[in-house]
Ligand code: 5MM
């Protein structure tokens with residue numbers, strides 16, 4: 001398959017991406033919230049339960065894994081990437097080494113992980129990965145994000161993407177403008193515009209073939225502490241406008257992060273965006289919390305209750321599959337939850 005075909009498969013209509021690439025520290029926080037011990041056995045069990053769900057076949061085009069997970073074997077035998085491929089989804093891998101304090105502006109971060117990346121990519125390809133992910137993080141405040149943060153993160157994302165394509169995999173480019181703060185939706189629009197512009201400027205300099213990439217952006221949304229709440233129509237209109245203006249048309253797929261929105265909000269907003277999507281972009285989800293929160297709660301109640309964990313995951317995957325086609329509604333949400 002060409003990189004363009006892989007990218008389209010990951011974001012195919014009715015499907016999206018499951019972000020299950022929480023690093024050990026992040027999954028520790030998720031497990032702490034449900035009183036589950038953060039040990040390898042539990043991490044494997046929770047994830048293989050999701051990857052064995054019936055929703056995988058119909059609603060999941062790709063799964064982003066963490067380094068530990070891509071090397072694991074399921075308790076029934078096949079490796080995790082084999083299990084994912086068996087359902088027709090593409091296995092992927094997070095390759096960044098995390099957001100670290102940015103020298104010169106230490107309240108912001110730059111994502112690290114370029115050293116030795118070429119060698120790691122070869123190994124991940126051999127383990128079955130066909131796409132990768134790198135996440136840059138931008139904070140909004142009176143003085144942030146700085147030009148230094150926007151430029152350094154874009155440069156790293158572009159060097160990453162070029163190496164990934166050299167290794168014959170699709171890079172997911174994830175510039176995440178955080179929802180933290182009291183800024184309004186217009187501020188998020190402006191910052192997202194600046195961030196996307198600099199990313200595509202650097203991707204062009206580094207000769208990345210955009211037709212073999214997927215963008216994983218934030219939605220254009222007010223800060224979590226903003227008093228002026230926006231409705232889904234406004235979020236959808238501004239998000240789509242921002243993407244159409246700032247993302248080159250060669251990019252085949254855009255898969256949003258949920259970024260701390262609730263499960264319902266992230267389905268509803270994605271649905272509104274697809275209802276008015278008049279672009280050529282395949283627009284879908286690449287959710288971590290937006291897909292896993294309910295399943296995680298079920299896992300916390302009873303780790304052995306595979307049926308309830310999968311039921312919760314199947315429901316969210318189905319709802320987001322509908323949103324990727326603009327066919328979700330609150331009525332269907334209730335009907336299928338019942
Ligand atoms: C699933 O969480 C991912 C990994 O986070 P860390 O590297 O911080 O452990 C994260 O990159 C995720 O893929 C995106 O942020 C989207 O997840 P959400 O929960 O925002 O949809």
Between residue 73 and residue 233, with labels modelled 7 Å along Cα→Cβ, what's the label distance in nm to one decimal, could you check? 5.7 nm
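How high is the relative contact order of the chain, given as a whole-number percent (alpha carbon pairs under 8 Å, six or more residues apart)? Walk me through the numbers before you get to the answer.
Details: 681 pairs, mean separation 67.4, N = 338.
Averaging sequence separation for qualifying contacts and normalising by length gives 20 percent for the chain.
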Listed residues 97, 15, 41; largest mean-square fluctuation, Gaussian network over the chain with Cα springs below 10 Å, found at 41
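Counting pairs of alpha carbon atoms under 8 Å apart in space and at least six apart in sequence, what relative contact order in percent does the stretch 195-284 give? Numbers along the way, then the final one.
Values: 93 pairs, mean separation 33.0, N = 90.
Relative CO of the stretch 195-284 lands at 37 percent.
Provide the packing ranking of 225-238, 50-63, i.e. peptides ordered by the mean count of other C-beta atoms within 10 Å per residue, highest first.
Details: 225-238: 15.3, 50-63: 22.6.
Descending mean neighbour count gives 50-63, 225-238.
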Divide by every residue of the chain the summed helix terms, -39500 (n - 2.57) for each DSSP H run of at least 4, and state the resulting mean residue ellipticity at 222 nm, rounded to the nearest 500 deg cm²/dmol. -15000 deg cm²/dmol
Distance between the stretch 3-66 and the stretch 246-314 - C-alpha centres, whole angstrom: 11 Å
Projected area averaged over all directions for the convex hull of the alpha carbon atoms of the chain, nm², comes out at 15.8 nm²
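Fully extended, how many nm does the chain gain between residue 23 and residue 301 (0.36 nm per residue separation, minus their Cα-Cα distance)? Spell out each step's value before the answer.
Details: separation 278, 0.36 × 278 = 100.08 nm, distance 2.27 nm.
Value of the extension gain: 97.8 nm.
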Simple spin-label model, 7 Å along Cα-to-Cβ: residue 244 to residue 146 in nm? 3.6 nm
Grab the Cα-Cα distance for residue 100 and residue 186, subtract it from 0.36 nm times how many residues apart they are, and report the gain in nm with one decimal. 28.2 nm
Quickly work out the residue 41-to-residue 13 label distance, labels modelled 7 Å from Cα along the C-beta direction, and quote it in nm with one decimal. 4.7 nm
How much FRET efficiency would the formula 1/(1 + (r/R0)^6) give for residue 276 and residue 308, where r is the Cβ-Cβ distance and R0 is 56 Å, rounded to 0.05? 0.95
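What ranking do 280-291, 183-194 get when scored by the average of other Cβ atoms within 10 Å per residue, highest first? Please list the in-between numbers first.
Details: 280-291: 24.0, 183-194: 19.0.
Most protected by this proxy first, the peptides run 280-291, 183-194.
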note: the stretch 94-248, Cα-Cα separations exceeding 29 Å make up a percent value of 19 percent
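Read the figures in this text as sums done on the coordinates, not as results from a lab. All values reported here derive from a predicted model rather than from experimental measurement. Heads up, the Cβs are rebuilt from the backbone with ideal geometry, glycines too, and the neighbour counts pull from every protein chain shown.
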